[in-house]
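Inspection log for the structure reproduced underneath, given as structure tokens.
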Amino acid sequence: MTNYRIIGLFSIVVAASLSGCARTTYTGMHEKEQATPMLERRVAFQMKQAFFHNPPSCATIVSNSIKAPAIIRRAVEESVERHLATKFKRAIGGAAARNIAARIAVDLKHPGDRRVFARQTKCGGFIEVRLDTVEDDYMVLWTNRAVGISLRLIRATDEKLLWQARHKAGRGDGGLPFSPLSLPVSIARAARVKGDPEIFHSIADDAVRRMMRTLPDTRHATTLH
């Protein structure tokens, strides 16, 4: 292993070892991007005034993701659906939305078809889910797995953006072996994260939960001020 790779791995391990002390900060979506401090998880979001005047009571999940394994796309959709249930009176999951769209012959990527879908289902909001990045790095001594997600809430009647958020969450484990005895420990810790089939569900839920904190609960209100 070259000196540069050792230094790079050391930096990753140090950052990860401090991640338990990390805090989550919330910034405006269009604020100038600055270098994220090591001990900070950043959530960018934007709340539109139109949301408060006429919030939807229902939201349908529409995925618009990069090419990613189905298990990760499904984990993100399921997490979004769970959290939408704490914000709206009704939520239509991604799989259910695709089935309904196929049955009534509409394309949820088309605004006109979305309006038809909204009328048929009496669900006036759409949550667009986009997987921006998927990281799955395994370096024997270190494993890093991460998901970057963007969410947008769109009103079906006029295609107005009501809310949006963006965040990247991840998990990593392993370490630099400072002695022969620590080598198998580092390998085992890295392998544990790499071999965990549920970890992307947990990572997705972390990301979605942090973003959803910026979206008001509309279940008991018709207008919000």
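Throughout, read-outs are computed from the coordinates displayed, never taken from laboratory work. Note that this is a predicted model, so its numbers are computed, not measured. As a convention, Cβ positions derive from the backbone with ideal geometry for all residues, glycine included, and neighbour counts pool all protein chains shown.
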- Could you sort 100-110, 123-133 so that the peptide with the highest average Cβ count within 10 Å comes first and the rest follow in order? 123-133, 100-110
- Cβ-Cβ FRET estimate between residue 90 and residue 136, R0 fixed at 25 Å, reported to 0.05: 0.15
- Item | Contour excess over end-to-end distance, with Cα ends at residue 202 and residue 71 and 0.36 nm allotted per residue | 45.9 nm
- Computed lengthening from residue 54 to residue 122, 0.36 nm per intervening residue step minus Cα-Cα distance: 23.0 nm
- Message: Assuming 0.36 nm per residue, please report the length gained on full extension of the stretch residue 102 to residue 29 beyond their Cα-Cα distance.
- Response: 22.9 nm
